[in-house]
Amino acid sequence: MDRGDISDAEEIVHIYSYDGPQPYNYEPAMLPRDQEQARINVRQNGQRRQIELWCEENRWRTGQVSWCLCGKCEAMFSAEESQCCREVDAYWALVENVTPRLDVQCLTLHPGFEACCLNPYVLQIAYMHFRQDHGPLQASRHEQYRYTAYRLVVRWAYGILGRHIRKPLPACVVSAIRGQFPEEGGLYKGFEWPNFVDNQ
Ligand SMILES: [Zn+2]
Ligand SMILES: [Zn+2]
C-alpha cells in the first residue's frame, strides 16, 4: 500500500491560470512560471501524441481479448483500455517483486489488490483525501468508488505522479473494480482520464 503522500504529490505541478494583463509581455525571456508551464505543455502534448499513436496501431485490440496474458481481462471499447496487467511493466512488477514469489497469474489476484483497490473502507478514506484536495467528485456513489480505486491502483504501480500524468489501467483491473462497484443498469462510460484543462 502506498504512503499517505497523495496531497503532496498532487501539489508538485502548479497550473497558473491567470489570463489578465501581462506586464512583462515585452520581455523576451520567459518568467520561471511560464517556463514551467511550457515544460508541462510539451510533456503533455508529447505524451498525448504517443498515446494516440499507440491507440491507432492497436485498434484491433478493442472488443476482444486475444492480447490478454493473465486470463482475467475483458473486452473493452477502446484500445487504450485493452491492455493486460502482464503487458504493462509497472503493474506486473507489483506481482514479480513480491518475495517469496507470488503464484498468481494476474495483478487482481495479488492480495494487495483486494486490500487497496476493492476494500470499500480503504476507498472511503482515500476518497476523503481526494475530496480535501479537489472538492467533491460529482458522480454516483459507485462511480466515486471506482474512480478512487483507479487512482489508487495507478498510485500503487507508479508511485508519485504530478497532475495530468496519464497512465494506462489494465483491462483486468478495470473489470475487477467494475465488478466490485457496478453501475446501476450495467452501463459504463469508458474510463476517462482527467482532461488537460481541468485541475483534477
Ligand atoms: Zn489480462
Ligand atoms: Zn491481469
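The values are calculated or read from the model by the stated rules, or taken from the named source; none is laboratory data. Bear in mind the structure is a predicted one, so any value in this text is a computation, not a measurement. Every residue, glycine as well, gets a Cβ built from its backbone with ideal geometry; the counts of neighbours run over all protein chains shown. Just so you know, the surface numbers come from the protein's heavy atoms only, side chains and all, with ligands and any DNA or RNA stripped out. Shrake-Rupley method; radii C 1.70, N 1.55, O 1.52, S 1.80 Å.
Ligands, DNA and RNA are left out, and with a 1.4 angstrom probe the accessible area of the range 101-163 is 50 Å² per residue. Dimensions of the range 61-138 based on its C-alpha atoms, expressed as ranges along the principal axes with the largest first, amount to 40, 36, 19 Å.
For D103 and Q35, the difference between the fully extended length at 0.36 nm per residue and the C-alpha to C-alpha distance is 19.7 nm. With all pairs of different C-alpha atoms in the average, the Kirkwood value for the hydrodynamic radius of the range 56-189 is 15.5 Å. Extending 7 Å from Cα along the Cβ direction at D133 and again at R166 yields two label points whose distance is 2.0 nm. With each label modelled as a point 7 angstrom along the Cα→C-beta vector, the I125-Y158 pair spans 2.4 nm.
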